[in-house]
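Asker: Below is one structure. I have some questions about it.
Please treat every number below as a calculation from the coordinates, not as lab data. The shown structure was predicted, so the numbers you read here are calculated from the model rather than taken from an experiment. Every residue, glycine among them, receives a Cβ derived from its backbone with ideal geometry; neighbour counts consider all protein chains shown.
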Amino acid sequence: MVQYVIQTIAFQLFFLMVYDFLLKKETFFNWNRAYLLGTALLSLLIPLIKIERFKYVVSQEYIISLPEIFLGNTKQQEPDVIVLDPVIILPKTFWSWELMFFLGALIAMMLLSFKFLKVYKLLLKNPKKKVGNLHIINLLKSNVAFSFFKYIFLGELINENEKKAILKHEMVHVKQYHSLDLLFFEVLRILFWFNPLVYMYQNRIGELHEFLADAQAVKTENKNTYYQNLLSQVFDTKKISFINPFFKQSLIKKRIVMLQKSKSKQINLLKYALLIPLVFGMLIYTSCAQEQVKNSTEQLSISEQIETLKASLDAKEGQLTDEEKSSLLELLKNVNFSKSESNPWKISVVQNEVNEDIDVPFAVIEQVPVFPGCEGLSNNNDRKACMSKEISMFVNENFNTKIAKEHNLTGKQRINVIFKINKAGNVVALQARAPHPALEVEAIRVISSLPKMIPGKQKGKLVNVPYSLPIIFQVADEKSDTNKG
């Protein structure tokens, strides 16, 4: 989540810099409107897009990675177990990041509701009339002018000659659905209340709406008269961020400057083409970026292992004798290959054992054990992901974080847990390693209390399946907590 927010803010910053330095002064108002709305949406979507082909834009020739080799029947059986995603246990403080986020979003939502209430009160308290599809609200004892969707609010104190020009201006806002743009950014302000760039986006789109409406209004009005209307009366409009006010002091000068500006040359439209390489570069970045905590391993099937070695042997055609090839292929029966993001290849040479109660590794198992609630998923990868999520939630809810204070533990504590889901669906053969024995005991207690699962199957028979689970316990810094208090 944190990585997503950081990427979103970074992309919005790039997009706004391009707008301010290259596009803002152009008179392509509709193009600029599409740019602001489109890039605001793209900044939210691009971090979620992962294109596999873009992962290999950087040539593998520049990546040197030596394999890890485990010989014999070693206790460390990473390739033969299902490695669950790490469980991160953060200190349970009242002012957690999640609570701050939801509290900020709640306040932002309340503010938006208050703005809606102000507009609704104006609708109730003032006389109104319908002209076609428009609703004209006559604001009593007011010199305010603004619009909101199909409602145009005009103060009764505004000069009748000026009302005509103002009405044409506000009708542009209505016809082009400018209120919809502003509400889109209001929603973003609720979800990303902590992000100042969202407010900057809304400010830019608000300015642009006025330029668009002015450009349309002066087509049927005398420019000099229109300028006088803008300058003669600078009223205090209601400060509501999702309305389109006609009189706004901070915008009057900019609107007049933009009205006097000559139309931009068509060749300047090429500036918008800059968006293509910009988005392309962002997609490459998000596709290549590795998740901070993810350390899952994708195992190859036996047939893929054989094909991999055969391809390697074919590449060495003429360098190996037939006898050497046969020996290598025979050796393959006792070799496990696996791939991971952090290490392209891991090789494990395992000794053959004769054991009636076989532990089936993830590389070959047909059906992994299923956590309660994950039964509807159709393939092993989805079931594994579901189990990781459920176990992570279970450990976070049940792990006794008071252990840290009881044993004066500080900093990051890593606990490695190994267990099996047996033929009955129960957790067995639990082992844990941690910097302190109390953490090992607590980890075993929590994992042993996992609910009964649907056991794994291989060739229609129930089997044992081994798992490895890293738990990272981030102990709260008492000194910093004391300072905060």
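Asker: Which pairs, out of Lys164/Lys271; Lys115/Lys164; Lys24/Lys150; Lys115/Lys261; Lys128/Lys163; Lys125/Lys253, put more than 25 Å between their alpha-carbon atoms?
Answerer: Lys164/Lys271; Lys115/Lys164; Lys24/Lys150; Lys115/Lys261; Lys125/Lys253
Asker: Compute the length gained on full extension between Lys50 and Leu103: take 0.36 nm times their separation in residues and subtract their Cα-Cα distance, giving the result in nm to one decimal.
Answerer: Between Lys50 and Leu103, full extension yields 16.0 nm more.
Asker: Have a look at the range 408-456 and give its Rg and Dmax from the Cα atoms, expressed in angstrom.
Answerer: Calculated on Cα positions, Rg and Dmax stand at 12.6, 40 Å.
Asker: Which stretch or stretches of the range 1-31 have amide N atoms under 18 Å from the point lying 7 Å from Ile284's Cα along the Cα→Cβ direction?
Answerer: Inside the label zone: 11, 14-15.
Asker: Can you give me the Rg/Rh ratio for the range 354-480, using Cα atoms for both radii and the Kirkwood formula for Rh?
Answerer: 1.04
Asker: Which of rounded, prolate or oblate describes the range 110-158 when judged by the alpha-carbon gyration tensor and an a/c cut-off of 1.5?
Answerer: Verdict is oblate for the range 110-158.
Asker: Related question: Quickly work out the Ser264-to-Val441 label distance, labels modelled 7 Å from Cα along the C-beta direction, and quote it in nm with one decimal.
Answerer: 7.0 nm
Asker: Further, regarding this structure: Report the extension gain between Ala385 and Leu117 in nm, rounded to one decimal, defined as 0.36 nm multiplied by the number of residues separating them, less their alpha carbon distance.
Answerer: This chain segment gains 92.0 nm when fully extended.
Asker: I would also like to ask the following. In terms of modelled amide H atoms, which long-range or inter-chain residues lie less than 5 Å from the amide H of Phe148?
Answerer: When sequence neighbours closer than 5 places are left aside, the close amide H contacts are Phe153.
Asker: Tell me whether the range 102-223 comes out rounded, prolate or oblate; compute the Cα gyration tensor, take square roots of the eigenvalues as a ≥ b ≥ c, and use a/c under 1.5 as the rounded threshold.
Answerer: Since a/c reaches 1.5 but b/c is at least a/b, the shape of the range 102-223 is classed as oblate.
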